[in-house]
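Visitor: Below is a structure I'd like to ask you about.
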Amino acid sequence: MDALRHIAAHLALDLTAVCLLTFAIYYPRHRRRDLVPAYLALNAGLFTVVAALAQVGGSGGAALGFGLFGVLSIVRLRSDAVQHEEVAYYFTTLVLGLVCGLPHLAFSLKAGLSAALLLVVWAADSPRLLARSRRTIVTLDTVHGDPAALRADLARRLGEPLHWTVMEVDYVRDLSVVDVRYREPEPGVAVRRVPDDAPVRRTAPAWESA
């Protein structure tokens with residue numbers, strides 16, 4: 001009975017922490033409902049396995065440990081569907097489940113570590129942190145041989161370029177694909193843009209707060 005109460009108290013702490021992470025931090029900022037059950041299920045499942053490891057012990061615990069390693073090794077995060085900050089939330093849900101499920105940590109220590117982790121994620125993913133920094137992939141209808149000309153073209157279209165990488169050059173079609181990190185202009189500052197009918201295409205936009 002004492003063991004059941006112990007697990008119930010720590011499970012309540014774990015669920016409180018992951019619900020704060022998911023519903024108070026992640027969803028209001030990213031609005032991806034499809035990842036909400038993934039975060040909750042992954043956290044609850046990991047807590048259950050860790051709690052079971054603590055109760056079984058011996059060779060059974062070792063078997064469960066290898067099984068846990070196998071389960072986590074097949075979790076694949078598709079880079080075209082999950083952004084880097086969402087991978088960070090995946091990692092945070094894993095850590096919360098592990099910390100709250102460990103049997104030999106005091107409840108107060110688990111609560112403190114969970115609160116510190118939530119605070120770090122809240123601050124690191126704050127919309128106010130580097131709010132004007134952006135990223136996008138741009139397809140230009142020209143190939144710039146001069147880096148200064150490329151910088152001027154990107155600044156004219158987007159804003160102040162901070163860093164860029166030429167990902168692809170097609171001399172046959174006279175196209176270039178550039179991965180650009182740039183800074184948006186401050187509100188109220190006019191930036192000369194190309195006309196709407198100018199020959200420029202953006203492919204696979206990937207807006208991110210740096």
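Visitor: May I ask you to list pairs of residues, at least six apart or on different chains, whose Cβ atoms are under 7 Å apart, with the first in the stretch 28-45 being over 25 Å from LEU11 (Cβ atoms) and in contact (Cβ under 8 Å) with a residue 12 or more places away in the chain and the second being outside any helix (DSSP H, G or I) and of a type outside the set (A, V, I, L, M)?
Guide: Close Cβ pairs satisfying both conditions: ARG29/ASP125; ARG29/PRO127.
Visitor: How many of the residues in the stretch 139-154 are within 10 Å of VAL178 (Cβ to Cβ) and in a loop (DSSP other than H, G, I, E, B)?
Guide: Counting residues in the stretch 139-154 that are within 10 Å of VAL178 (Cβ to Cβ) and in a loop (DSSP other than H, G, I, E, B) gives 1.
Visitor: Here is a further query. Mind listing whichever residues of the stretch 99-119 are within 16 Å of the chain's Cα centre (by Cα) and either open to solvent by less than 60 Å² (accessible area, probe 1.4 Å) or at pLDDT below 95 (or both)?
Guide: Filtering the stretch 99-119 for residues within 16 Å of the chain's Cα centre (by Cα) gives 117-119.
Listed by number, the residues that qualify are LEU117, LEU118.
Visitor: Within the set of pairs 6 or more residues apart or between chains, which connect a residue that is acidic (Asp, Glu) inside the stretch 150-170 to a residue that is surrounded by fewer than 18 Cβ atoms within 10 Å (Cβ to Cβ) and modelled with pLDDT under 85 with Cβ atoms less than 6 Å apart?
Guide: Between residues of the stretch 150-170 that are acidic (Asp, Glu) and residues that are surrounded by fewer than 18 Cβ atoms within 10 Å (Cβ to Cβ) and modelled with pLDDT under 85, the close pairs are GLU160/ARG183.
Okay, residues lined up against (1) modelled with pLDDT of 75 or more; (2) more than 30 Å from ILE7 (Cα to Cα); (3) under 18 Å from the mean Cα position of the chain (by Cα); (4) surrounded by 14 or more Cβ atoms within 10 Å (Cβ to Cβ):
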site: ARG134; (1), (2), (3), (4): yes, yes, yes, yes
site: THR139; (1), (2), (3), (4): yes, yes, no, yes
site: LEU154; (1), (2), (3), (4): yes, yes, no, yes
site: ARG173; (1), (2), (3), (4): yes, yes, no, no
site: PRO195; (1), (2), (3), (4): no, yes, no, no
site: TRP207; (1), (2), (3), (4): no, yes, yes, no
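The values are calculated or read from the model by the stated rules, or taken from the named source; none is laboratory data. Worth saying up front: this structure is predicted, and the values here are computed from it rather than measured. Every residue, glycine among them, receives a Cβ derived from its backbone with ideal geometry; neighbour counts consider all protein chains shown. Accessible surface is based on the protein model in full, side chains and every heavy atom, while ligands, DNA and RNA are left aside. Shrake-Rupley method; radii C 1.70, N 1.55, O 1.52, S 1.80 Å.
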